[in-house]
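*Asks:* Attaching a single structure in structure tokens format; questions to follow.
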Amino acid sequence: MRDDADWFTLLWTEDGPVLLDQRLLPGEETYLTLHSVEEMARAIEDLVIRGAPAIACAAALGIALAARRSEATDVAGVVADIERACERLAVTRPTAVNLFWAIERMRSCMRRAVPTATAESLRQTIVDEALRVLEEDVVTNRTLGRAGVDIVPQGARILTHCNAGALATAGHGTALGVVRSAVEAGRAVRVLADETRPFLQGSRLTAWELARDGIPVSVLTDSMAGHLMSRGEVDLVLVGADRVAANGDVANKIGTYPLAVLAREHGIPFYVAAPLSTVDLSTPDGAAIPIEERRSEEVTELAGTRLAPLGVEAWHPAFDVTPARLVTGIITERGIARAPYAESLAALCAEASAS
Ligand code: MRU
């Protein structure tokens, strides 16, 4: 996302959070102003906004909205309204750990403020913290993007899956942040965007935001990667993540794992770009990552048109887990973690919490 971009993923206004409705892209650019925590929770559940860091930012704004709208006249009442918001937002999407990271960050800000707060000062403190979550997300992505530039060869054909771009964050993106930073550093690149069934984050969202930035992009169906890799048409696979376990196993959009297997077969580097807020040291490995199952209709229907026979249901896990052994490196805002990940990720997280 260029600094002079004429669109945004989400922002805070005094009327409430404003979100670009990602369900309607690329056909329509519609912004929704949300007026309640329940509206924000549904926006996250219904994929108005999606992508791990953007979900975290949306949750922070939802909590800010609860604080701003709280009619309580005492601190305990504002705390109760904030707590209710945290609980509702925590049951929206289970896989992206950034959601829980943001809720915990907002809660600890509240706990720190309470001893000396008035109801009004607590409301303002919570709004200010949410704004910081958004600002820091952009800074983190820019830093992460620069940290990844050297893995992008001149002329690289970069295969990506889902959307790990500005639309999945408060700006710049993670995997697409690396692409943008590489372009800013003078690398010519071409992005191959997997369509990403069933919500089509690749063909609708990744292609949209890269085209808006003038970065060359071609859309592929999810089944084309093996063929193109076998012909030497892919130089690098670069994806985002919803949760990275302590051992380096990576949960990301369903369809990521087969790309990693194919990349290994063809000797192609497979990189993950994720901020440290996506690293969950309390989850030991990929088997312990909760995998969201979504509605059957998201697979059996497309824009209201039935694709599968009536009466037939789809099985719809929304994420898969790529084992750490298939991951060449995990690009973070503190540098690139490499195997053994249990050590490199723990060291980067320790460095971050010490700073
Ligand atoms: O279901 P989604 O669209 O929220 O899934 C998003 C992804 O899988 C992204 O790759 C991931 O959140 C990283 S976004 C920087």
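The values are calculated or read from the model by the stated rules, or taken from the named source; none is laboratory data. These figures come from a predicted structure and were not determined experimentally. Here the Cβ is made from the backbone with ideal geometry for all residues, glycine too, and neighbour counts use every protein chain on show. Calculation scope for accessible area: heavy atoms of the full protein, side chains included, ligands and nucleic acids excluded. Shrake-Rupley method; radii C 1.70, N 1.55, O 1.52, S 1.80 Å.
*Asks:* For the stretch 11-22, enumerate the residues that are of a type outside the set (Phe, Trp, Tyr), touching a residue at least 24 places away in the same chain (Cβ under 8 Å) and part of a strand (DSSP E or B).
*Replies:* Result: Leu11, Gly16, Pro17, Leu19, Leu20.
*Asks:* Which one is surrounded by the most Cβ atoms within 10 Å (Cβ to Cβ), of the residues in the stretch 59-92 that are closer than 28 Å to His316 by Cβ and touching a Leu at 6+ places or on another chain (Cβ under 6 Å)?
*Replies:* Ala59
*Asks:* Kindly provide the set of residues from the stretch 302-323 that are away from the ligand (no atom under 16 Å from the Cβ), out of contact with any Phe, Trp or Tyr (no Cβ under 9 Å at 6 or more places or on another chain) and not hydrophobic (A, V, I, L, M, F, W, C), ordered by number.
*Replies:* Matches in the stretch 302-323: Gly304, Thr305, Arg306, Pro309, Gly311, Glu313.
*Asks:* Quick test of your reading of the structure: Ala337 fulfils all but one of (1) open to solvent by less than 20 Å² (accessible area, probe 1.4 Å); (2) over 20 Å from the mean Cα position of the chain (by Cα). Name the failing condition by number.
*Replies:* So Ala337 meets the others, but not (2).
*Asks:* Might you let me know whether the stretch 19-28 holds any residue that is of a type in the set (A, V, I, L, M), open to solvent by 10 Å² or more (accessible area, probe 1.4 Å), farther than 30 Å from Ala119 by Cβ and away from the ligand (no atom under 14 Å from the Cβ)?
*Replies:* So far as the stretch 19-28 goes, yes, one or more of its residues are of a type in the set (A, V, I, L, M), open to solvent by 10 Å² or more (accessible area, probe 1.4 Å), farther than 30 Å from Ala119 by Cβ and away from the ligand (no atom under 14 Å from the Cβ).
*Asks:* In addition: Look at the stretch 81-109 and say how many of its residues are of a type outside the set (D, E, K, R) and either assigned by TED's automatic domain parsing to the domain that holds Thr278 or under 14 Å from Gly62 (Cβ atoms) (or both).
*Replies:* Number satisfying all stated conditions: 13.
*Asks:* Same structure again: Touching a helix residue (DSSP H, G or I) at 6+ places or on another chain (Cβ under 9 Å) and either assigned by TED's automatic domain parsing to the domain that holds Ile44 or open to solvent by 10 Å² or more (accessible area, probe 1.4 Å) (or both): does that describe Arg306?
*Replies:* Criteria met by Arg306.
*Asks:* Now for a separate question. Evaluate the stretch 226-235: report whether one residue or more is buried (at least 19 other Cβ atoms within 10 Å of the Cβ) and within 16 Å of the ligand (Cβ to nearest atom).
*Replies:* For the stretch 226-235, residues buried (at least 19 other Cβ atoms within 10 Å of the Cβ) and within 16 Å of the ligand (Cβ to nearest atom): absent.
*Asks:* Another question, if that's okay. Select from the stretch 37-47 the residues that are away from the ligand (no atom under 11 Å from the Cβ) and open to solvent by less than 40 Å² (accessible area, probe 1.4 Å) and list them in ascending order.
*Replies:* Val37, Met40, Ala41, Ala43, listed by residue number.
*Asks:* Could you tell me which residue of the stretch 148-172 is farthest from the ligand (Cβ to nearest atom), considering only residues that are touching a strand residue (DSSP E or B) at 6+ places or on another chain (Cβ under 8 Å) and assigned to a loop (DSSP other than H, G, I, E, B)?
*Replies:* Step by step, filter the stretch 148-172, then rank; the result is Gly155.
*Asks:* Here's another thing I want to ask about it. Taking interchain pairs and intrachain pairs at least six residues apart, which have beta carbon atoms under 6 angstrom, with the first residue in the stretch 88-108 and free of Cβ contacts under 8 Å to residues at least 60 places away in the same chain and closer than 15 Å to Arg50 by Cα and the second open to solvent by 40 Å² or more (accessible area, probe 1.4 Å) and assigned to a helix (DSSP H, G or I)?
*Replies:* Final answer for the pair search is Thr92/Glu45.
*Asks:* Suppose the filter is assigned to a helix (DSSP H, G or I) and either of a type in the set (Phe, Trp, Tyr) or within 19 Å of the chain's Cα centre (by Cα) (or both); does Gly202 pass it?
*Replies:* Yes, satisfied.
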